[in-house]
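Asks: Below: one structure in structure tokens.
The values are calculated or read from the model by the stated rules, or taken from the named source; none is laboratory data. Worth saying up front: this structure is predicted, and the values here are computed from it rather than measured. Reconstructed Cβ throughout: ideal geometry from the backbone, glycine too, with neighbour counts over all protein chains shown.
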Amino acid sequence: MNRLLTNVSLLPYNTFGVDVSASHVFCLKQPADLDDLQGFPVFREMSHDLRRILVLGQGSNILFTGDFDGIVIRNGIGGIKVIEEDSLSVIVEAGAGVIWNDLVDYAVSINWWGLENLALIPGTAGASPVQNIGAYGVEAADVIERVNAFNLETGQWMRLENSECGFGYRDSIFKRDLKNRGVICSVVFRLSKRAEPRLGYSGVREELDRKGIIDPSAGDIAEAVAAIRRSKLPDPALLGNGGSFFKNPVVGETAFQRLKGSYPLMPFHRHGELYKIPAGWLIEKAGWKGYRSGNVGCYEKQSLILVNYGNATGREVLDLSERISGSVASVFGIGIEREVNVI
Ligand SMILES: Cc1cc2nc3c(=O)[nH]c(=O)nc-3n(C[C@H](O)[C@H](O)[C@H](O)COP(=O)(O)OP(=O)(O)OC[C@H]3O[C@@H](n4cnc5c(N)ncnc54)[C@H](O)[C@@H]3O)c2cc1C
């Protein structure tokens with residue numbers, strides 16, 4: 001079967017619903033397929049400039065601003081397997097193409113703990129380390145044991161232990177040194193067999209209380225998180241979007257005190273010695289709540305999410321995002337960084 005396709009529409013492969021195409025798409029089904037990929041003359045030609053290679057999961061954190069003249073590697077490596085187990089924990093390996101929420105469902109169905117707060121995040125298991133996905137007080141880095149990847153530049157397989165992944169807030173080595181180079185083929189998670197509910201984040205305890213659940217299972221927490229997410233976030237199948245467009249800015253003491261002085265009700269979370277300020281709040285206060293212009297706008301329930309109301313181009317979304325970040329900088333004097341990958 002020919003795994004290297006030409007002139008492929010990427011419309012079904014990005015949650016913003018942007019209509020662009022790729023000159024080449026390679027379908028990766030198993031790690032060994034990467035050997036075949038390297039044998040294609042077009043790969044040898046294009047891999048001189050690694051910006052022409054893009055690994056794609058579900059396209060839920062990507063904004064395409066034009067056609068992609070290069071090779072998109074569509075990661076479809078499946079499989080979830082237990083590779084080690086004792087009475088306290090279980091080590092589970094997920095193929096990079098496994099749908100993230102399927103992995104969460106699988107874990108909570110056995111009452112393994114660790115992934116439940118990350119329920120319903122779109123995307124693949126293989127992308128979870130890339131921006132160190134996080135929600136409801138938990139990050140992928142809390143449960144990732146190691147990542148198995150192939151380095152397209154050196155042709156070497158890499159086994160990166162958690163401490164070697166450079167995890168930070170929505171950040172990892174895969175967004176920096178290994179960007180466009182590291183093809184993640186599987187991710188290994190350490191999950192707990194002991195109940196470890198993390199209910200500190202706003203809304204989860206309340207949702208469980210509402211259902212009368214006092215001693216929740218991992219599945220109860222996953223369901224509560226999913227219910228909250230469904231009530232707050234737009235479903236990309238109905239309204240194109242890439243989740244939070246910007247990261248929450250993290251500021252030092254001086255900037256924090258200056259902002260707090262001007263906006264005493266400003267929400268914030270402590271982030272070690274620093275302060276994390278919700279980007280959605282900044283955007284709203286800068287006047288963007290419910291903004292819509294033509295095909296693009298800010299989601300009515302959460303200004304941090306930019307949406308495609310119809311046939312928006314990636315360029316239109318990007319232009320709106322630049323206007324928003326510019327206005328936040330001029331109102332508050334701080335920058336907001338993009339979370340979504342712009343291609
Ligand atoms: C409605 C909505 C809600 C969201 N909520 C959250 C949230 O709560 N928390 C959160 O953290 N994120 C959230 N996101 C963002 C998104 O779900 C995550 O970033 C997710 O991990 C992206 O997975 P993906 O497979 O779609 O990756 P893609 O969008 O396809 O790719 C994202 C990046 O990872 C790289 N990549 C993907 N797969 C691989 C691989 N196998 N090897 C190497 N690089 C790879 C790509 O090159 C790209 O740079 C949300 C998105 C949407 C649309």
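Asks: When you look at Arg190, is it within 26 Å of Ala32 (Cβ to Cβ), in a strand (DSSP E or B) and more than 10 Å from the ligand (Cβ to nearest atom), yes or no?
Replies: No: the conditions fail for Arg190.
Asks: Restricting to the stretch 315-340, count the residues that are surrounded by fewer than 21 Cβ atoms within 10 Å (Cβ to Cβ) and within 13 Å of the ligand (Cβ to nearest atom).
Replies: Count: 2.
Asks: Something else about it: Being small (Gly, Ala, Ser) and closer than 24 Å to Arg230 by Cα is the requirement here; does Ser330 meet it?
Replies: no
Asks: How about the stretch 211-278: which strands (runs of 3 or more DSSP E) wholly inside it have at least 3 residues that are within 11 Å of the ligand (Cβ to nearest atom)?
Replies: Fully inside the stretch 211-278 and qualifying: 240-244.
Asks: Evaluate the following for Ser89: is it over 20 Å from the mean Cα position of the chain (by Cα) and either more than 14 Å from the ligand (Cβ to nearest atom) or buried (at least 23 other Cβ atoms within 10 Å of the Cβ) (or both)?
Replies: yes
Asks: Could you tell me which of the residues Leu318, Leu306 is at pLDDT 95 or above, part of a strand (DSSP E or B), more than 27 Å from Gly261 (Cα to Cα) and of a type in the set (A, V, I, L, M)?
Replies: None of the other options fit; the residue is Leu306.
Asks: Can you go through Arg170, Arg198 and tell me which one is on the phi < 0 side of the Ramachandran plot and surrounded by fewer than 22 Cβ atoms within 10 Å (Cβ to Cβ)?
Replies: Step by step, each of Arg170, Arg198 is checked, and only Arg198 is on the phi < 0 side of the Ramachandran plot and surrounded by fewer than 22 Cβ atoms within 10 Å (Cβ to Cβ).
Asks: Among the residues of the stretch 53-71, is there at least one that is more than 13 Å from the ligand (Cβ to nearest atom) and modelled with pLDDT under 95?
Replies: No, every residue in the stretch 53-71 fails to be more than 13 Å from the ligand (Cβ to nearest atom) and modelled with pLDDT under 95.
Asks: Which one of the conditions (1) surrounded by fewer than 20 Cβ atoms within 10 Å (Cβ to Cβ); (2) more than 14 Å from the ligand (Cβ to nearest atom) does Lys301 fail to meet, given that it meets all the rest?
Replies: Exception for Lys301: condition (2).
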